[in-house]
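So the structure is just underneath, and the comments pick up after that.
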Amino acid sequence: MASVDYTLTEFNNAKIFSIIDATSGFWQIMLHPESSAFTTFIAPFGRFKFKRLPFGISSAPEVFQKRIGECLKDLNGVVGLMDEFVVCGETEKEHDEGLYQVLQILQDSGWTLNEEKCQFRKKSIKFLGRIISADGICPDLTKTEAIKKIHRQLILQSSSVFLA
């Protein structure tokens, strides 16, 4: 999997963005019957095994990323991490052509999307804890505010210990 820093470099010069979210991404990947045997678990009413890639298996993110990457590998302006990926372009035409290609490939490959989480033709998006727009990439303030609150709490706690 690509690092977050590397992934963010893919947004250079982009001005139009769409976020595409795969519905229950891991569950869309069928397991080979031999692999399925390794997911067997025992419950009070029998033994069961997964037929689809379950959450919680350590290799699941890598398997998912590989499968989705195989579908979208030859496309420019597509940035993905796990079950969420972004189609971007410098112009509406470039963006729309890329978006059409992505949607067509995903449909042909049998992937389903979470319509509620998908966003199309946006000037700015929140992705990987950052706000990405034509102006550049900056931290998502809702994320940095949480860090500031924790920092303030730690200062107050350490001050009260010192003053006591």
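Quick note: the coordinates plus some simple rules give every number you see, no bench work behind them. All values reported here derive from a predicted model rather than from experimental measurement. Note that we place each Cβ from the backbone using ideal geometry, even for glycine, and neighbour counts take in every protein chain shown.
Annotation: the range 79-145 has a Kirkwood hydrodynamic radius of 13.3 angstrom, from the mean reciprocal C-alpha pair distance.
Counting neighbouring Cβ atoms within 10 Å and putting the fewest first, the residues Asp21, Asp83 line up as Asp21, Asp83. Once the Cα-Cα distance is subtracted from the 0.36 nm per residue extended length, the Ser109 to Lys51 segment shows a gain of 19.0 nm. Taking amide H as placed 1.01 Å from N in the peptide plane, the amide H of Gly89 sits under 5 Å from that of Lys15, Ile16, each at least 5 places away or on another chain. When the helices of the chain are scored as -39500 (n - 2.57) per DSSP H run of n ≥ 4 and the total is divided over every residue, the value at 222 nm lands at -12500 deg cm²/dmol.
Would you mind checking Lys15/Lys66; Lys15/Lys149; Lys51/Lys143; Lys73/Lys148 for any pair whose Cα atoms are more than 30 angstrom apart? With Cα atoms farther than 30 Å apart: Lys15/Lys149; Lys51/Lys143; Lys73/Lys148. A cut-off of 5 Å between modelled amide H atoms, ignoring neighbours fewer than 5 places along the same chain, links Phe127 with Ile132. Would you kindly give the portion of the calculated P(r) for the chain that falls above 26 Å, as a percent of all Cα pairs? Tail of the P(r) past 26 Å holds 44 percent of the pairs. Which residues in the range 56-94 place their backbone N less than 19 Å from a point set 7 Å from the Cα of Thr39 along the Cα-to-Cβ direction? Residues 56-69, 82-84 fall inside that zone.
Summing Lys and Arg as +1 and Asp and Glu as -1 over all other residues whose Cβ lies under 11 Å from the Cβ of Thr40 gives a net charge of +2.
Of the chymotrypsin sites (Phe, Trp or Tyr not before Pro) found in the range 44-99, those that fall in a DSSP loop while having at most 14 other beta-carbon atoms within 10 Å are Phe45, Phe55. Report note on the peptides 117-130, 94-107: ranked by the mean count of other C-beta atoms within 10 Å, highest first, their order is 94-107, 117-130.
Computed from the C-beta positions of Lys149 and Cys118 and an R0 of 35 Å, the FRET efficiency is 0.65 to the nearest 0.05. The spread of Cα positions in the range 52-111, taken along each principal axis and listed from longest to shortest, comes to 40, 21, 16 Å.
Among Ile16, Ile137, the ranking by other beta carbons within 10 Å of each residue's beta carbon, starting with the fewest, stands as Ile137, Ile16.
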